[in-house]
Structures are given as structure tokens and as C-alpha cells.
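The values are calculated or read from the model by the stated rules, or taken from the named source; none is laboratory data. Because the structure is predicted, anything quoted here is derived from the model rather than measured. Neighbour counts run over all protein chains shown; Cβ positions are idealised from the backbone, glycine included. Surface accessibility is based on the protein's heavy atoms, side chains included, excluding ligands, DNA and RNA. Shrake-Rupley method; radii C 1.70, N 1.55, O 1.52, S 1.80 Å.
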Amino acid sequence: MNTENRGKTGSLDLGEIVNCVVSSEASRHFGNAFREALLAMRYVVNAVIERQERKKEAKLQKVTIE
């Protein structure tokens, strides 16, 4: 960024930074990364649930007596 965009302190203010991020492709990449993180968490939760269900099935076995 050039010095024309800078304020008296020589740095961008928060509003300018947010505008730069939102108007760039960075916001799309952050969105995609957040989506991937949520998908990873869903995978972990599903794996834990499946493991718990398998433990319950192992404890409850049908036995036929003749």
C-alpha cells in the first residue's frame, strides 16, 4: 500500500483494513478455510458417535439358547 492511503500515524485505520480484506479474494479464502474447518469438526464428531454406537452393539449381543 502506498503512503497516500496512510493517515497521520503512517498506518491504515481499522476501517480501511476491513475494506481491503472484504474487497479482496482473502475473504473468499477465509470463508473456504472456515468451511473446511467445520467439515473437519463434523468428521470428528461423526467418528466419535460411530465409535460409541459400535461399543453399544458389542455389549448387546443376541444369544440364542436351544
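Using a probe radius of 1.4 Å on heavy atoms only, what accessible surface per residue do you get for the range 9-66? Whole Å² is fine.
Normalised by residue count, the accessible surface of the range 9-66 is 97 Å².
Using θ = phi - 60° and the Karplus relation 6.51 cos²θ - 1.76 cosθ + 1.60, list the HN-Hα couplings for the range 44-49 in order, rounded to whole Hz, with x at every Gly or Pro.
Karplus-based 3J(HN,Hα) across the range 44-49 equals 5, 4, 4, 5, 5, 4 Hz.
I'd like the Karplus ³J(HN,Hα) series for the range 19-33: coefficients 6.51, -1.76, 1.60, θ = phi - 60°, whole numbers in Hz, and an x wherever there's a Gly or Pro.
For the range 19-33, the Karplus curve yields 4, 5, 5, 5, 7, 8, 7, 4, 5, 5, 5, 4, x, 5, 5 Hz.
Mind checking the full-extension length gain between ILE17 and LEU38? Use 0.36 nm per residue of separation minus the Cα-Cα distance, one decimal, nm.
5.0 nm
If I model a spin label at ILE49 and SER24 as a point 7 Å from the Cα along the Cα→Cβ vector, what separation in nanometres do I get?
3.8 nm
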